[in-house]
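The values are calculated or read from the model by the stated rules, or taken from the named source; none is laboratory data. Since we're looking at a predicted model, the values are computed, not measured. Every residue, glycine among them, receives a Cβ derived from its backbone with ideal geometry; neighbour counts consider all protein chains shown.
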C-alpha cells in the first residue's frame with residue numbers, strides 16, 4: 001500500500017472514498033465535516049438522516065465508521081468516523097487508531113482502492129497534530145484487509161495546513 005501526505009482540500013480528491021471526521025450525530029458540523037457536507041450536497045445529509053433513522057438511532061460511536069454515497073464529491077463514497085474528543089476526556093490512542101483502521105475496513109468492504117483521510121481529532125477535538133499523525137501512520141501501516149476483501153492500494157492524508165502536513169510527513173518518515 002502506498003501512503004502519502006499532501007496539502008489540499010479533501011473534497012476535491014480524485015479517490016474512491018474520502019473519510020469524514022464526523023460527529024456522532026452524523027448531521028454535519030464545522031471543519032472537515034462541514035466542508036464535506038457542503039461539497040457533497042443535500043443528498044449526503046439525507047443519507048446520514050436515514051442512517052440515524054435506521055441503523056444508528058443513537059449515533060455513530062467514537063471509533064466507529066460507516067459509509068454513504070459521495071453524491072456531488074469526486075469520490076464515490078464518504079466514510080464517516082467519529083474521533084475521540086480529548087477535551088471530553090477521550091485520550092486513548094486506541095480509539096483514535098480505530099478511526100483509521102475501521103475506515104479502511106469499510107473501504108475494503110466497498111471495494112475501494114484509494115482512500116483520503118483528514119487529520120481525525122486534530123483541531124477542535126484537542127489532539128496534537130504530531131500525536132494524530134503518529135497514531136494514524138501506525139494504524140494504516142499495521143492494517144490488514146479483512147479476509148476476502150479487496151485491499152486498499154493508496155492512502156492519502158489530505159491536510160489543510162502546512163503545520164499538519166509537516167506533522168504527517170514526520171510521522172511517515174519514521
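Numerical summary
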quantity: Filtered residues of region 61-92 (kept if closer than 11 Å to residue 22 by Cα and in a loop (DSSP other than H, G, I, E, B)); calculated: 61, 62, 63, 64, 83, 84
quantity: First in region 51-62 and free of Cβ contacts under 8 Å to residues at least 24 places away in the same chain, second anywhere and buried (at least 16 other Cβ atoms within 10 Å of the Cβ) and not in a loop (DSSP other than H, G, I, E, B), Cβ under 8 Å, 6 or more apart; calculated: 55/66
quantity: Residues within region 50-69 that are within 17 Å of the chain's Cα centre (by Cα), surrounded by fewer than 17 Cβ atoms within 10 Å (Cβ to Cβ) and closer than 24 Å to residue 89 by Cβ, tallied; calculated: 2
quantity: Condition met for residue 35 (closer than 21 Å to residue 157 by Cα, assigned to a helix (DSSP H, G or I), modelled with pLDDT of 95 or more and over 15 Å from the mean Cα position of the chain (by Cα)); calculated: no
quantity: Residue count, region 152-168 (criterion: in contact with a strand residue (DSSP E or B) (Cβ under 6 Å, 6 or more places away or on another chain) and either surrounded by fewer than 18 Cβ atoms within 10 Å (Cβ to Cβ) or more than 24 Å from residue 35 (Cα to Cα) (or both)); calculated: 2
quantity: Extreme residue, farthest from residue 40 (Cα to Cα), among residues of region 70-85 that are touching a helix residue (DSSP H, G or I) at 6+ places or on another chain (Cβ under 6 Å) and surrounded by fewer than 21 Cβ atoms within 10 Å (Cβ to Cβ); calculated: 85
quantity: Residues of region 100-136 satisfying the condition of being farther than 19 Å from residue 75 by Cα, in contact with a strand residue (DSSP E or B) (Cβ under 7 Å, 6 or more places away or on another chain) and assigned to a helix (DSSP H, G or I); calculated: 129, 132, 136
quantity: Qualifying residue in region 13-27 (condition: assigned to a helix (DSSP H, G or I), within 22 Å of residue 170 (Cα to Cα) and touching a residue at least 60 places away in the same chain (Cβ under 8 Å)); calculated: no
quantity: Among the residues listed as 86, 156, 141, 113, the single one being over 20 Å from residue 11 (Cα atoms) and in contact (Cβ under 8 Å) with a residue 60 or more places away in the chain; calculated: 141
